[in-house]
1. With 26 Å as the limit, write out which pairs from Lys63/Lys94; Lys135/Lys236; Lys63/Lys124; Lys60/Lys94; Lys79/Lys250 have Cα-Cα distances beyond it, or answer none.
2. Once neighbouring chains are kept in place and the probe is 1.4 Å, which whole percent of the accessible area of the range 84-228 is contributed by carbon and sulfur?
3. Given Cβ point charges of +1 (Lys, Arg) and -1 (Asp, Glu) and nothing else, what value in debye, to the nearest 20, does the dipole of the range 78-195 about its Cα centre take?
4. Using alpha-carbon positions, what is the distance between the centroids of the range 179-251 and the range 53-122, in Å?
5. Projected onto the charge dipole of the range 128-251 (+1 at Lys/Arg Cβ, -1 at Asp/Glu Cβ, origin at the Cα centre), which of Gly162, Ala200, Tyr240 gives the Cα projection farthest towards the positive end?
6. Taking square-rooted eigenvalues a ≥ b ≥ c of the alpha carbon gyration tensor, is the range 47-161 rounded, prolate or oblate, where a/c under 1.5 means rounded and, failing that, a/b exceeding b/c means prolate?
7. Using a Debye calculation, one point per C-alpha and no hydration shell, please list log10 I(q)/I(0) for the range 154-251 at q = 0.19 Å⁻¹ in order.
8. Rounded, prolate or oblate for the range 139-182? Axes are the square roots of the Cα gyration tensor eigenvalues, ordered a ≥ b ≥ c, and the cut-off for rounded is a/c under 1.5.
Amino acid sequence: MAKQTGIIKLKGTIGGISFYKTSDGHLAREKGGVDKSRIQNDPAFQRTRENGSEFGRAGKGGKVLRNAIRVLLQNAKDKRVVSRLTKILVAVTKTDIVNERGARTLQDGNLNLLEAFEFNLNGKLGATLFAPFTKAFDRVSGDATLNLAAFSPTVRIAAPAGTTHFKIVMGASELDFVNETSTFENDETAILPYTVANTAVIALTASITPNSTLPVVQVLGVEFYQEVNGQMYSLKNGTYNALSVTIIDKP
């Protein structure tokens, strides 16, 4: 693809060239490709149809997950989280050994590939929170828990410049990829001062359906704030907030 330069940026199609805008700037490419009806019916494109089916399934699964944790995700995501998540979920479908190619599913794949997925590459949890924590999910009770011993924020949290306060957040969700639905519960600390003094012990719990028969995901995040005239503001609109998958649990 080509990149548009100059003062005037074009959008649309002119002479077989498509002009469009992306997060990488104004681009241009030649219009073309195989006819849609041929892809849908020609035996030569069987593999393409199979790949397309599984890609679509992964894309829908990513939307289920993103919608499930939206309360936390809206405060901690980068511009490419959708494509990055879809890529991982395509890999998950390929680990399904139950269904034949083209019909492989997320629920029958190895969802553990999602563990440690970072929703915001601008603020990775692994490069932000250095306080040891324990995590657990009890499928019988439906309780997802997270515990941190007392720690010094300035020592154990790598905060962006301008931080005066922070918050630890945790959420758990059941993911029904077949029906494209989910449930979600979350817990969080109060907004805490970013100082050298130790925090209190932190214990967070999010309770979902007991004895669930669905895959469950737990996420953990850190949100940063700046106090101005007694008011708390999300630092740089959450650009450096962290959110990561800490548990994937299948029945």
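1. Lys135/Lys236; Lys79/Lys250
2. Summing carbon and sulfur atoms, their accessible area is 54 percent of the total for the range 84-228.
3. Once rounded to the nearest 20, the dipole reads 640 debye.
4. With the range 179-251 and the range 53-122 each reduced to a Cα centre, they are spaced 20 Å.
5. Positive-most Cα among the choices belongs to Gly162.
6. Prolate, because a/c is 1.5 or more and a/b exceeds b/c.
7. Debye intensities relative to I(0), on a log10 scale: -0.93.
8. Note, shape of the range 139-182 comes out oblate.
The values are calculated or read from the model by the stated rules, or taken from the named source; none is laboratory data. Worth saying up front: this structure is predicted, and the values here are computed from it rather than measured. With ideal geometry, Cβ positions are generated from the backbone for all residues, glycine too; neighbour counts draw on all protein chains shown. Accessible surface areas use protein heavy atoms only, side chains included; no ligands, DNA or RNA. Shrake-Rupley method; radii C 1.70, N 1.55, O 1.52, S 1.80 Å.
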